[in-house]
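First comes the structure, then the notes that go with it.
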Amino acid sequence: MSNNHLKDKLFQYSKTYISLDELTAFINFKNYHEQHDCISKLISEGIIKPIIKKDFTNGKIPPLYTKYRILKPKTDNSDLISEIKHLEGSFCISYYLKNVNKYKQQREIILPLSDFLKDYSDKLNWRISKNERAYQIWNYEKTLDSPTAKTIIELNNLREKLNYYNTPEPFFYYTPEKNRFSENTVLIIENKDTWYSFREIMRNVNDSVVLFEHKIDGILYGEGKKVIRESFSLSDFCETELKHKCDFLYFGDLDYEGIGIYQTLKKQSTDFDLQLFSKLYVKLIELSNLTSLRKVEKQQKEVDITLFLQDFCGETVENIKWILSDGRYIPQEALNKNILENLITDRK
């Protein structure tokens, strides 16, 4: 083993002190003379220091001490300290300068947040949901749910500044009252945050809205796979909520699970006109940097996406195939409330 390799191994050793037997175990010495020379060199180079006490030698000639302190180099935190000093002014910089190791542990969340506050603070003028804000800042919609993020937000008093709202468990369906007894189009939305944001938009205008030439009269929260369970059917929904026939559009996450939900629902809903809201998926892709998309956290079962792809063409098809084959995804939350509001072309 080279001296540099041995040095690295010692510096990576989990303990501060090491016994002669443990030190010897690092190297297969040919003889005692080689062992003595190597350890003596480590001492002379300031890599280890013997613990000098009476009877702390091995009894051989020349003797070696039986315990050593590893003189690990001090960590150079100068780059981290400079980084901390350049954080956006909302952060408690003095705290992190005194707790550099804490900053190092939280750095992956702090840095993107600091950069966002410096460069995109104007986006905080629009209140959007917690998951939408998380995706906007970290490209991952669950970040604000993590214990680390919660600690950072509380320590730096950033909750109000980030201007997001929580999305409590909602009612499953919303439509302006005047639409309940007339034939209309209902948009089925897979996730709670996007449903909640769309509901806020419709409540503000108290009317139907037009999105990519589709007049939307009501929204249904699909609650993931719940919309395809046997105990829940669109027929029952219309009978209990709408009292009449209506058409449906579907919009979910761009991943195997979301696509599978739509395709199953499409096959189940032979009594209704259920269409994919394809232009929303196209917009998801247009607004995303494909190479920076996150990988799915849990491995998803691959499904045949032929039915889903029938609503797309050209480059969009290739992009969808690449996203899925590379194990990536785009959540609905990428189209946050502010983006959706700007896509609406009319109120009816």
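Observations on the structure shown:
- Residues located in the stretch 182-205, provided they are more than 17 Å from Y164 (Cβ to Cβ) and within 28 Å of the chain's Cα centre (by Cα): L187, I188, I189, E190
- Hey, Y250 among the aromatic types (F, W, Y) and closer than 19 Å to Y140 by Cα or not: no
- Residue that is farthest from A334 (Cα to Cα) [pool: residues in the stretch 189-220 that are among the charged types (D, E, K, R) and either surrounded by fewer than 22 Cβ atoms within 10 Å (Cβ to Cβ) or without any contact (Cβ under 8 Å) to a residue 40 or more places away in the chain (or both)]: D207
- Residue in the stretch 155-182 that is modelled with the lowest pLDDT, counting only those that are of a type in the set (A, V, I, L, M, F, W, C), out of contact with any Ser or Thr (no Cβ under 8 Å at 6 or more places or on another chain) and closer than 20 Å to S129 by Cα: F171
- Exclusive hit being farther than 22 Å from L340 by Cα, free of Cβ contacts under 8 Å to residues at least 60 places away in the same chain, basic (K, R) and crowded, with 17+ Cβ neighbours inside 10 Å, set K266, K298: K266
- Whichever residue in the stretch 27-53 is of a type in the set (A, V, I, L, M) and under 46 Å from the mean Cα position of the chain (by Cα) and, among such residues, is most open to solvent (accessible area, probe 1.4 Å): I27
- Selection count, the stretch 1-27, where residues are part of a helix (DSSP H, G or I), of a type in the set (D, E, K, R) and modelled with pLDDT of 80 or more: 3
- Of all residues in the stretch 8-25 being in contact with a helix residue (DSSP H, G or I) (Cβ under 8 Å, 6 or more places away or on another chain) and over 14 Å from L64 (Cβ atoms), the one that is surrounded by the fewest Cβ atoms within 10 Å (Cβ to Cβ): K9
- Search result, residues across the stretch 127-144 that are acidic (D, E) and under 8 Å from the mean Cα position of the chain (by Cα): E141
- Among the candidates S90, S94, the residue that is in a helix (DSSP H, G or I), at pLDDT 80 or above and either open to solvent by less than 100 Å² (accessible area, probe 1.4 Å) or within 30 Å of I153 (Cα to Cα) (or both) is uniquely S94.
- Restricting the stretch 334-347 to residues that are touching a residue at least 12 places away in the same chain (Cβ under 8 Å) and part of a helix (DSSP H, G or I) leaves a set whose member that is nearest to W126 (Cα to Cα) is N338.
- Which numbered condition Y68 misses (of (1) in a strand (DSSP E or B); (2) surrounded by fewer than 14 Cβ atoms within 10 Å (Cβ to Cβ)): (2)
- Within the stretch 310-333, the set of residues being open to solvent by less than 60 Å² (accessible area, probe 1.4 Å), closer than 16 Å to E257 by Cβ and assigned to a helix (DSSP H, G or I) comprises I320, I323, L324, Q332, E333.
- Across the stretch 193-225, the qualifying residues are those that are under 14 Å from Y250 (Cα atoms) and basic (K, R), and the one among them that is modelled with the highest pLDDT is K215.
- Sole exception among (1) open to solvent by less than 70 Å² (accessible area, probe 1.4 Å); (2) part of a loop (DSSP other than H, G, I, E, B) for N157, by number: (1)
The values are calculated or read from the model by the stated rules, or taken from the named source; none is laboratory data. Note that the structure is a prediction, hence the values are computed from the model and not measured. Heads up, the Cβs are rebuilt from the backbone with ideal geometry, glycines too, and the neighbour counts pull from every protein chain shown. Accessible surface areas use protein heavy atoms only, side chains included; no ligands, DNA or RNA. Shrake-Rupley method; radii C 1.70, N 1.55, O 1.52, S 1.80 Å.
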